[in-house]
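I have placed the structure first, in the form of structure tokens, so that the comments after it can refer back to it.
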4 protein chains.
Amino acid sequence: MSGNTYGKLFKVTTYGESHGKALGCIIDGCPPQLEISAEEIQIELDRRKPGQSDVTTQRKESDRVEILSGVFEGKTTGTPISLIIYNEDQRSQDYSNLQDTFRPNHADITYQAKYGHRDYRGGGRSSARETAMRVAAGTVAKKYLNALGIKATGYVSQIGPIKADLINPSEAQTNKYFFADSKKIKDLDTLFAELIQEGNSVGAKLGVCIENCPVGLGEPVFDKLDADLAKAIMSINAVKSVSIGNVDGILDLKGSEIRDESVKMALPQTMQVEFLVGSLMVIL
Amino acid sequence: MSGNTYGKLFKVTTYGESHGKALGCIIDGCPPQLEISAEEIQIELDRRKPGQSDVTTQRKESDRVEILSGVFEGKTTGTPISLIIYNEDQRSQDYSNLQDTFRPNHADITYQAKYGHRDYRGGGRSSARETAMRVAAGTVAKKYLNALGIKATGYVSQIGPIKADLINPSEAQTNKYFFADSKKIKDLDTLFAELIQEGNSVGAKLGVCIENCPVGLGEPVFDKLDADLAKAIMSINAVKSVSIGNVDGILDLKGSEIRDESVKMALPQTMQVEFLVGSLMVIL
Amino acid sequence: MSGNTYGKLFKVTTYGESHGKALGCIIDGCPPQLEISAEEIQIELDRRKPGQSDVTTQRKESDRVEILSGVFEGKTTGTPISLIIYNEDQRSQDYSNLQDTFRPNHADITYQAKYGHRDYRGGGRSSARETAMRVAAGTVAKKYLNALGIKATGYVSQIGPIKADLINPSEAQTNKYFFADSKKIKDLDTLFAELIQEGNSVGAKLGVCIENCPVGLGEPVFDKLDADLAKAIMSINAVKSVSIGNVDGILDLKGSEIRDESVKMALPQTMQVEFLVGSLMVIL
Amino acid sequence: MSGNTYGKLFKVTTYGESHGKALGCIIDGCPPQLEISAEEIQIELDRRKPGQSDVTTQRKESDRVEILSGVFEGKTTGTPISLIIYNEDQRSQDYSNLQDTFRPNHADITYQAKYGHRDYRGGGRSSARETAMRVAAGTVAKKYLNALGIKATGYVSQIGPIKADLINPSEAQTNKYFFADSKKIKDLDTLFAELIQEGNSVGAKLGVCIENCPVGLGEPVFDKLDADLAKAIMSINAVKSVSIGNVDGILDLKGSEIRDESVKMALPQTMQVEFLVGSLMVIL
């Protein structure tokens, strides 16, 4: 059964294995007359790219994205936008030992059980490289949302045991950990030195802060905005928990306390989504 | 835009306002030849019903469910199953003061902003009474899953600050709090006495334990089972967080520790989903 | 698998067997603030009702439609609209002889083969009575379209061998055959006298004329308006052919002749859909 | 809004403009372990290719299809299959005169009105070249259906005024007109000589004969097989009419005559779909 599409009006369908010929997506339903270029998408892809700093996976991916359709004379036409990234390095030697072994905590064994046949090179379809296309399509969505005044900023608020004291999303753009509290960079440097030494990894907590979010987005009762975001985020490899707002310690509050807090907000237009990844940062 | 349907093959569409004529749903895609009766659905609805004990909302709902279609001679026919519950108490006096006021932390204000017109009686469509139809449709799904040997058990693992030391889902069936650790019943009695005294409420953490879950359920990459469950659960009123497995303290573990733990499991067939509700238990 | 829903933004899901408890539908995605009443829907249902004249099936259906949700203080609220018609006559004696026999040219045998279990009373789900809910939901759609200035008029242009010389949709509202050429009423009277005598039936050609149809409705390339209409109409019992425009004799024209004709139209805003039913008029 | 996807379980999404960089599609939901190669798809694409004989459009398309994902070691893996054809000839000179003019009977003017911005080169997205991807994806579907014993054969049964006396689908494979009655080839030669002389075109009637079609395919009531086929076919450029079975002269038959004919068939497993194109054969 089909499961590689996300969205209803703005619909993204992705394809591609980590060591196949290419990764790509079709964006169907993007409004016309939106200015977009491969260069803009490339900027976001470069931020995602592993191997850029010494603290993330060292795999080389020189992803060059190309627009194959749906954009004419620099503007979207309303027809499907096809984006593609060719895999430069298709050699499979590095992974051939995995043909009959399954890596712990990877989806390979599930693919084998489900389909009886899989592309075992580097995780094939189950590789986190799949998220490159989420970033690419997300860039187009972001352009549209920005034009409406909506702004989404991602950040990391906890890595292993090290937690941001105060979350400042804009600080996340200034350090290699995308960490929202720059006072913790020293501690992170120490943690990562230890992890690299050990050949080990830790999980993390990430967040997205959405500003100027219009009232009434999403459709009751099953397609609530909260629910759609939870699905999209939970479908990312290694994500194990999604929260709307900061839920830490919320069970220690009584209803009256939560009410008093929220009454002040009336119709809040800033939304915060947090999610937790179990061991995302792979240190090789 | 439409958002009142959940599921693709087994598809549930619901309708109904808390003080309208009726609540109902259509289940489309249910396999034929499944034995099902209104009585079986009623049993689950009775477990959901508020006002049964002194610790939950005291609103009276004498929900009698009826099967209107899709079942013939006691068995499903493969055609759409229509379930209906008539609202006995449609008086709106109790809520008429809400026509121009909005209750804090309720969705009424969002409905008003989105649609410009709403049924303000008891929350209308946004009332938690909507979940009655999730329970009803869920009973049919459960019958099908049980026939395949899959078993799902719900439980409460934390209410306000009181936490289960050991989660035992079967214990949840034996007390009025549906609590998974019966050693905490005393503490809960004390907590609720205090809350009732204050006219206050607290949030809770709930879980579902799925046993004998087949390998390969769900569709990569966007429609993963985890993602579909996250969406369904996050769409329930008051739910603010969803986790796959117990994620407490997971960031304190290193990748190697998580790996060692999970390698023992190989293809785990028991799945645990936890979610957190902010102030679900309303004490009136 | 589910197949009882039509539409994407304005989505209609139907249920009900001809001799079950009730027929109904959920309309999801109807815009808010549209004035609608059960009485308006009843008017269209009454036009559909068999047994009204001596030329159609004599089965009694005193369909009273009720609105169960989605309408408050006379206006739609944006939430799902549930419509229901209770079947007054649920006796199944009349059809019990069909439990093990299959009527020629009816879908009963297919239901039996597909599901292994069916409601054999009066065709069950496969009965043309299912179309009552299409009419009911269509009335709501029509109200919305009319508010935009779009007008759709149905008519019959051929019954058996008797063909309208000139199609005048407004004349169709003035005779019991809904025939678009009132000069043919005499011939139809003769034909029907003969058919009733014989206990026989004939097929017919029907049409819908859509005026003031906005340019650009529908979505390329698979969800073209033509394609969506073709699907909706072909899904009606007994329909065997759907055409966009009058295609009679079109193969006798050369491209240049068609072009010269259509150039005059530029962006035509009147659309004509025709369809053919094989033996729709059942004379009992 | 999105409209470039067809299918629910076996889902095809296409992209590409006639003079853009590439045309392509993603097939999502194809069963695993199906043997498929680019060469097999190429064979069907070559049959579609214009300019092969003197009777169809002379535009050169040397379409070479490539499989980018979803196939590993010659077999499908259950993951999305991406197919691509690069447009060799992207020059737009030939069409630049169309930037401000609209060709009669083409969709360009509708795209302009709907989106306010279009790729005017060769029709852009609205070009019939879009059907190349239907053929490519269709080849994969055909492989799957053939493995189940289902066989579909296409043919032409009428071109302009020249009609097959007897439809023999297998004869359609033996002549350049794909005509189902080889006795009419002479007449067609004469017709085409005249059309080429005039620079003119005519419409045609085409058919598909499906053998060994399983009972119970399709889902009642809206997603009937007839309805889904009608939509798919009506969405092809220039198609104006779709029929299930041969409906010529059906209105001259009485119900009893049709019944007597069909009773002989019981559960027919051969299905015939016919459709009519208004001026498909373009002679340049």
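The values are calculated or read from the model by the stated rules, or taken from the named source; none is laboratory data. Here the structure is a predicted model, which is why all the values come from computation and not from measurement. All Cβ positions, glycine included, derive from the backbone under ideal geometry; neighbour counts span all protein chains shown. With ligands, DNA and RNA removed, areas are computed over all heavy atoms of the protein, side chains included. Shrake-Rupley method; radii C 1.70, N 1.55, O 1.52, S 1.80 Å.
Taking the criterion of being surrounded by 15 or more Cβ atoms within 10 Å (Cβ to Cβ) and of a type in the set (S, T, N, Q), the only residue of the range A:139-152 that qualifies is A:THR139. The lone criterion from (1) more than 30 Å from D:ALA113 (Cα to Cα); (2) buried (at least 17 other Cβ atoms within 10 Å of the Cβ); (3) at pLDDT 90 or above left unmet by C:ARG121 is number (3). Residues considered: A:ARG118, A:ARG125. Of these, the only one that is in contact (Cβ under 8 Å) with a residue 12 or more places away in the chain and facing another protein chain (nearest Cβ under 10 Å) is A:ARG125.
Residues in the range B:182-222 that are among the hydroxyl-bearing types (Ser, Thr, Tyr) and more than 14 Å from chain A (Cβ to nearest Cβ): B:SER182, B:THR190.
To keep it simple, each residue is scored yes or no on (1) touching a Gly at 6+ places or on another chain (Cβ under 7 Å); (2) surrounded by fewer than 20 Cβ atoms within 10 Å (Cβ to Cβ).
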{"site": "D:ASN4", "(1), (2)": "no, no"}
{"site": "D:LEU9", "(1), (2)": "yes, yes"}
{"site": "D:THR13", "(1), (2)": "no, no"}
{"site": "D:GLU17", "(1), (2)": "yes, no"}
{"site": "D:LYS21", "(1), (2)": "no, yes"}
{"site": "D:ASP28", "(1), (2)": "no, no"}
{"site": "D:GLU35", "(1), (2)": "yes, yes"}
{"site": "D:GLU40", "(1), (2)": "no, yes"}
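Considered as a group, the residues in the range B:26-41 that are part of a helix (DSSP H, G or I) and of a type in the set (Asp, Glu) include one that is nearest to the chain's Cα centre (by Cα), and that residue is B:GLU40. For the range A:200-213, the criterion of being of a type in the set (Ser, Thr, Tyr) and surrounded by fewer than 14 Cβ atoms within 10 Å (Cβ to Cβ) is met by no residue. Is the range A:183-197 home to any residue that is within 23 Å of B:VAL239 (Cα to Cα) and of a type outside the set (Phe, Trp, Tyr)? No. Filtering the range B:174-215 to residues that are in a loop (DSSP other than H, G, I, E, B) and either under 25 Å from A:VAL247 (Cα atoms) or in contact with a strand residue (DSSP E or B) (Cβ under 8 Å, 6 or more places away or on another chain) (or both) leaves B:TYR177, B:PHE178, B:ALA180, B:ASP181, B:GLY199, B:ASN200, B:SER201, B:ASN212, B:CYS213. Here D:MET133 passes the criteria (1) under 28 Å from A:PRO80 (Cα atoms); (2) touching an Asp or Glu at 6+ places or on another chain (Cβ under 9 Å); (3) at pLDDT 95 or above except the one numbered (2).
Once the range A:261-279 is narrowed to residues that are modelled with pLDDT of 75 or more and facing chain B (nearest Cβ under 10 Å), the residue that is farthest from A:GLU211 (Cα to Cα) is A:VAL277.
Scanning the range B:224-239 for residues that are within 24 Å of A:TYR115 (Cα to Cα) and open to solvent by 20 Å² or more (accessible area, probe 1.4 Å) yields B:LYS224, B:LEU225, B:ASP226, B:ASP228, B:LEU229. Here the condition is being modelled with pLDDT under 80, more than 20 Å from C:ILE67 (Cβ to Cβ) and within 14 Å of chain A (Cβ to nearest Cβ); of B:ARG103, B:ARG59, it holds for B:ARG103 alone. Determine whether B:VAL71 is at pLDDT 85 or above, crowded, with 21+ Cβ neighbours inside 10 Å and farther than 24 Å from C:PRO32 by Cα. Spelling it out, B:VAL71 is indeed at pLDDT 85 or above, crowded, with 21+ Cβ neighbours inside 10 Å and farther than 24 Å from C:PRO32 by Cα. Has the range B:168-178 got at least one residue that is within 14 Å of chain A (Cβ to nearest Cβ) and in contact with a Leu (Cβ under 8 Å, 6 or more places away or on another chain)? Looking through the range B:168-178, none of the residues is within 14 Å of chain A (Cβ to nearest Cβ) and in contact with a Leu (Cβ under 8 Å, 6 or more places away or on another chain). Scanning the range B:153-171 turns up no residue that is out of contact with any Gly (no Cβ under 6 Å at 6 or more places or on another chain), touching a residue at least 12 places away in the same chain (Cβ under 8 Å), closer than 30 Å to C:SER82 by Cα and part of a helix (DSSP H, G or I). Every test in (1) within 25 Å of C:LEU83 (Cβ to Cβ); (2) modelled with pLDDT of 95 or more; (3) more than 10 Å from every other protein chain (Cβ to nearest Cβ) is passed by B:GLN90 save one, and that test is (2). Among the residues of the range B:172-198, those that are touching a residue at least 24 places away in the same chain (Cβ under 8 Å) and open to solvent by less than 50 Å² (accessible area, probe 1.4 Å) comprise B:TYR177, B:PHE179, B:ALA180, B:ASP181, B:LEU188, B:LEU191, B:PHE192, B:LEU195.
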